[in-house]
Amino acid sequence: MGRHINTSDSFPVGTIINAVNSISDAKWLRCDGSDKNRADYPDLSALFPANVFTATARTLAATPNNKQAIAADSTYFVAGAASGTTAMQYSTDGATWSQTSLVTPASTVVNSLIYAGSRFIAGVSGSAQPLVAANPASTWTVTTGGTTTTLSQGLAYASSLAQTLLIPDAAGTSVYTLADGATAWTAQTVPSTTKYGGCWTGQKYIVLSSLGLLASSDGVTWALTYPTSIQQSSFATSSIASDGNGTVVIFYSSGASAKGSAILVSSDHGATWTQILTPAEFLALSGVLAVTYINGKFFITCQNEFILVSDSTGLKWSAEPLGMRGIAKLPVRSIAYKAGVYLALQNGGNTSALSATENTAKFRLPASQLREYASSSPVMSLSGQEYIKAKK
């Protein structure tokens, strides 16, 4: 039997409560993971930036390495493949994949991919130099001057500089820059530290490191800083992305701060930072793999099959536990976007992938499970269900 609760509108929209009995008040919805029309619940909808994704299982041409790099332009999805002379694969639709023949050493492994201006750039490990290609299905050119002693941890493209930054995963004093159209990297000197990836904010490069954040407006002159909102400055096992217009999102793991794991957001090119999730709230998001900005949204991929999706500000996040989940229930490692289709590679050393479309008119309610309540009497037990305030 339903129970009407008189809240006098004291609860704000988005409040979640637990009720022993069902709630019949139309202003409240049961947290059952169902999809709702944004137009029907505009206030609640604003709190859930993730739209509803419908995914289809796909199979790659070859198993990527553990980094499972992926990128896209307006024509192709491109992903790494097995090591060797066929270490690249591509698809025009995310469904049918082919491998590209490369003139590279057999030890080549693609660790990072980016679409930079008018061509793809692949960072590799082994004894090979990074690769570039305007058409990933055709010829890949081996560059010169880049690192060959360590794997490429990341690539960042600065459109206003017409330049790509190569970030080696190594303790040392070098990063590398490559001008658009060029094939020779230039070594640039940075403070001696181990580096973990980076991005271009629209104003500067920011690189995660074991000593804090490395920043440069031109890729040549670098300074070491760190956000004052955390107690320690190391960003090992962390990830960073930017919209290229000043907003930057960092996930830093429990190993990066005495305060625990959290998300840092900056709206001013990294000058100031806001921590938007407390460590306690983030405990359920085991093993974050990457932060990505695509199609006007930030995505955080996790080991526990959840994808966190934010609006363009990086300040509002919601979890997408179902629509982007794979048939084999493997967590998503990396995501790219092209012409209305998201392409996600799954974690776990296999050929599993997902292509997904997005319904922007819908959002998904959080899902909760029944909770058991035991009274002081040993013979009495009640079940409870969570409800969310949907309308004022």
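The values are calculated or read from the model by the stated rules, or taken from the named source; none is laboratory data. The structure displayed is predicted, hence computed values, not measured ones. Glycine gets a Cβ as well: all are built from the backbone with ideal geometry, and neighbour counts include every protein chain shown. These area figures cover heavy atoms from the full protein model, side chains too; ligands, DNA and RNA do not enter into them. Shrake-Rupley method; radii C 1.70, N 1.55, O 1.52, S 1.80 Å.
Summary of values
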| item | result |
| --- | --- |
| Conditions (1) more than 21 Å from Asp243 (Cα to Cα); (2) open to solvent by 40 Å² or more (accessible area, probe 1.4 Å); number of the one not met by Thr147 | (2) |
| Residues within the range 6-31 that are surrounded by fewer than 15 Cβ atoms within 10 Å (Cβ to Cβ) and modelled with pLDDT of 85 or more, tallied | 5 |
| Output for the range 168-201, where each listed residue is in a loop (DSSP other than H, G, I, E, B), open to solvent by 20 Å² or more (accessible area, probe 1.4 Å), of a type outside the set (A, V, I, L, M, F, W, C) and modelled with pLDDT of 90 or more | Asp180, Gly181, Thr183 |
| Residue list for the range 31-77, filter: of a type in the set (S, T, N, Q) and part of a strand (DSSP E or B) | Asn37, Asn51, Thr54, Thr56, Thr59 |
| Residue under evaluation Thr59, criteria (1) under 21 Å from Ala344 (Cα atoms); (2) surrounded by 18 or more Cβ atoms within 10 Å (Cβ to Cβ); (3) modelled with pLDDT of 90 or more, criterion not met | (2) |
| Matching strands (runs of 3 or more DSSP E) fully within the range 251-310 where at least 2 residues are modelled with pLDDT of 85 or more and either of a type in the set (Lys, Arg) or open to solvent by 10 Å² or more (accessible area, probe 1.4 Å) (or both) | 288-294 |
| Verdict on Pro42 being more than 23 Å from Tyr157 (Cβ to Cβ), open to solvent by 10 Å² or more (accessible area, probe 1.4 Å) and free of Cβ contacts under 8 Å to residues at least 40 places away in the same chain | yes |
| The lone exception for Gly244 - which of (1) modelled with pLDDT under 90; (2) part of a loop (DSSP other than H, G, I, E, B) it fails | (1) |
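This table checks each residue for (1) surrounded by 13 or more Cβ atoms within 10 Å (Cβ to Cβ); (2) modelled with pLDDT under 85; (3) over 25 Å from Val249 (Cβ atoms).
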{"position": "Glu320", "(1), (2), (3)": "yes, yes, no"}
{"position": "Met324", "(1), (2), (3)": "yes, yes, no"}
{"position": "Arg333", "(1), (2), (3)": "yes, yes, no"}
{"position": "Ala336", "(1), (2), (3)": "yes, no, no"}
{"position": "Gln346", "(1), (2), (3)": "yes, yes, no"}
{"position": "Ser355", "(1), (2), (3)": "yes, no, no"}
{"position": "Glu358", "(1), (2), (3)": "yes, no, no"}
{"position": "Arg364", "(1), (2), (3)": "yes, no, no"}
{"position": "Ser381", "(1), (2), (3)": "no, yes, yes"}
